[in-house]
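The values are calculated or read from the model by the stated rules, or taken from the named source; none is laboratory data. Model, not experiment: these values are computed from the prediction. Heads up, the Cβs are rebuilt from the backbone with ideal geometry, glycines too, and the neighbour counts pull from every protein chain shown.
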Amino acid sequence: MPAVDAELVALGVSPEARATLLQFSTAFCAPCRATRRILADVAGSIPGVRHVEVDAESHLELVRRLRIRRTPTVLVLDSRAREVCRASGAPPGRRAVLAALELAVGEPHGQGAAAARDGAMIDASDRLDWPSDR
């Protein structure tokens with residue numbers, strides 16, 4: 001993904017953010033609600049981290065461009081809006097989100113830091129998936 005493009009800025013992705021948790025959801029997705037709570041909590045506890053939720057059904061062109069296949073899907077973006085890792089499906093644990101943020105900003109944010117090094121998985125797009133929560 002290129003540096004912060006106009007479409008992402010219009011959705012709330014800010015070039016001033018250290019990292020952005022970009023969540024794609026749909027109205028009737030129960031795991032999306034749980035994911036929203038976790039990501040909002042983490043973003044609220046770390047300065048410079050934003051949580052932006054996008055209605056996937058209202059932004060189909062972006063969904064296609066970013067290859068979002070199901071909801072919830074969360075992209076962790078660095079300060080230049082480059083995708084660092086992504087995860088889809090079941091809500092992540094707080095430790096996994098913190099480990100993913102460490103990858104985005106290069107600073108440890110708790111016990112999740114080791115998970116980023118020890119338990120990362122590679123998905124089909126060759127991007128890091130959520131670090132392990134174990």
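Does Ala17 meet the test of being outside any loop (DSSP other than H, G, I, E, B) and either in contact with a Gly (Cβ under 7 Å, 6 or more places away or on another chain) or surrounded by fewer than 19 Cβ atoms within 10 Å (Cβ to Cβ) (or both)? Against the criterion (outside any loop (DSSP other than H, G, I, E, B) and either in contact with a Gly (Cβ under 7 Å, 6 or more places away or on another chain) or surrounded by fewer than 19 Cβ atoms within 10 Å (Cβ to Cβ) (or both)), Ala17 does not qualify.
For segment 75-119, the set of residues classified as at pLDDT below 90, among the basic types (Lys, Arg) and in a helix (DSSP H, G or I) consists of Arg117 only.
Screening Leu62 against (1) under 16 Å from Val9 (Cα atoms); (2) part of a helix (DSSP H, G or I); (3) touching a residue at least 60 places away in the same chain (Cβ under 8 Å) leaves a single unmet condition, (3). Please go through segment 22-52 and pick out each residue that is assigned to a helix (DSSP H, G or I) and charged (D, E, K, R). Arg33, Arg36, Arg37, Asp41, listed by residue number. Hey, can you tell me all the residues within segment 23-33 that are buried (at least 17 other Cβ atoms within 10 Å of the Cβ) and either at pLDDT below 95 or in contact with a Phe, Trp or Tyr (Cβ under 9 Å, 6 or more places away or on another chain) (or both)? Scanning segment 23-33 gives a single hit, Cys32. If you go through segment 92-106 and keep only what is closer than 17 Å to Gly44 by Cβ and surrounded by fewer than 20 Cβ atoms within 10 Å (Cβ to Cβ), you end up with Gly93, Arg94, Val105. Filtering segment 54-70 for residues that are among the hydrophobic types (A, V, I, L, M, F, W, C) and within 16 Å of Val97 (Cα to Cα) leaves an empty set.
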